[in-house]
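All remarks here apply to the structure that follows.
The values are calculated or read from the model by the stated rules, or taken from the named source; none is laboratory data. Here the structure is a predicted model, which means the values were calculated and not measured. Every residue, glycine as well, gets a Cβ built from its backbone with ideal geometry; the counts of neighbours run over all protein chains shown.
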């Protein structure tokens, strides 16, 4: 038995991995048997081969990868080892590139995350997943998987079996009747897994709260509140256990950072069955919108055993993970510049900005800005000092409530601070 300081079943709050450690290990054992059953004749995908060559040719990368497999994770409660060496790990990863995520509490929605989960909780793993060369190799692997998830072949998981996304339980979990789909079509009219994952609501399902009132700020994503921080600093030690927000790092040194110093950061995360499109929290003009390359499986090692739940590292990930950055000059001068940072937490997590969203474009409050393709995700809204008068009750984080209600996209999130003498 491999023991450590984190015992018992682990609740994966966002539904990306099974609720219990036993279910995760059962899935890993089955995946390993599936790969081993194919023997030695497996042809590795070019992106996996490239990673294999990097491990073999770069002594530092090779050391990180070998050690993160050999070390026992301090932040995971595994009963047995499922990874043995780099080549075996790569074969397990390779198999995922022609798999689509299945539905269910006991199924794994993030298969690559499940395979790497052991390594992410080791000292070498904490360092490895911050290494630029390793992240570049992982990006190519994730891009290859994304290509598969964009293909019709990935639709096989849209079926009515217990692990299928058109099953009765899945329909209830998703609330599919709220979304645009074709119930007469075997795959609901979707062309691929990612097409299903980025499904749109039916017209009128998520109306914009107070569309004519510029003092009302609406939710950018359908999500569960994680944190509200005020008095945020330009630079801070975001890697500490408290995970303070460091604006300079979050915005990738953008020149607009000074506008937010001393202001407010609101952060919330998206679960596996949530709507994954982003909407503007205010009416205003796009100043800039860009993508920041970053890490994919890095965790805040300062959290200790709490790092087992990826959502606990969200503030840290807002500074280091792959993400988009939007800067919107609100029509309401009392709001001023607003920052919106959608963050890819793991797996593909492609942050796709809509082609129309470019400098000078005027967005209506609640207008769509872009979306995540498949992967775990979180987001931050950033406001300057003295902007926020108060947050809606639904937006207040409830960390001790595993069933905390969602903040619905385009619903009232916050109100502007009222200043005496302002019309």
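One residue stands out among those in region 397-423 that are more than 18 Å from the chain's Cα centre (by Cα), at pLDDT 95 or above and under 23 Å from residue 250 (Cβ atoms): the one that is surrounded by the fewest Cβ atoms within 10 Å (Cβ to Cβ), which is 416. Within region 294-308, is even one residue more than 28 Å from residue 211 (Cα to Cα), surrounded by fewer than 19 Cβ atoms within 10 Å (Cβ to Cβ), under 19 Å from the mean Cα position of the chain (by Cα) and modelled with pLDDT of 85 or more? No: zero hits.
Considering only region 204-222, I want to know if a residue exists there that is closer than 17 Å to residue 373 by Cα, in contact (Cβ under 8 Å) with a residue 40 or more places away in the chain, in a loop (DSSP other than H, G, I, E, B) and in contact with a helix residue (DSSP H, G or I) (Cβ under 8 Å, 6 or more places away or on another chain).
From region 204-222, those closer than 17 Å to residue 373 by Cα are 220-222; that's our starting set.
Filter once more, so that each one left must be in contact (Cβ under 8 Å) with a residue 40 or more places away in the chain: 220-222.
The next check asks that each one be in a loop (DSSP other than H, G, I, E, B); those that pass are 220-222.
Still in the running and in contact with a helix residue (DSSP H, G or I) (Cβ under 8 Å, 6 or more places away or on another chain): none.
Scanning region 204-222 turns up no residue that is closer than 17 Å to residue 373 by Cα, in contact (Cβ under 8 Å) with a residue 40 or more places away in the chain, in a loop (DSSP other than H, G, I, E, B) and in contact with a helix residue (DSSP H, G or I) (Cβ under 8 Å, 6 or more places away or on another chain).
Of all residues in region 235-278, those that are modelled with pLDDT under 90 and at positive phi total 1.
For residue 197, state whether it is without any contact (Cβ under 8 Å) to a residue 40 or more places away in the chain, under 28 Å from residue 369 (Cβ atoms) and either surrounded by 14 or more Cβ atoms within 10 Å (Cβ to Cβ) or assigned by TED's automatic domain parsing to the domain that holds residue 299 (or both).
Working: without any contact (Cβ under 8 Å) to a residue 40 or more places away in the chain: no; under 28 Å from residue 369 (Cβ atoms): yes; either surrounded by 14 or more Cβ atoms within 10 Å (Cβ to Cβ) or assigned by TED's automatic domain parsing to the domain that holds residue 299 (or both): yes.
In short, no.
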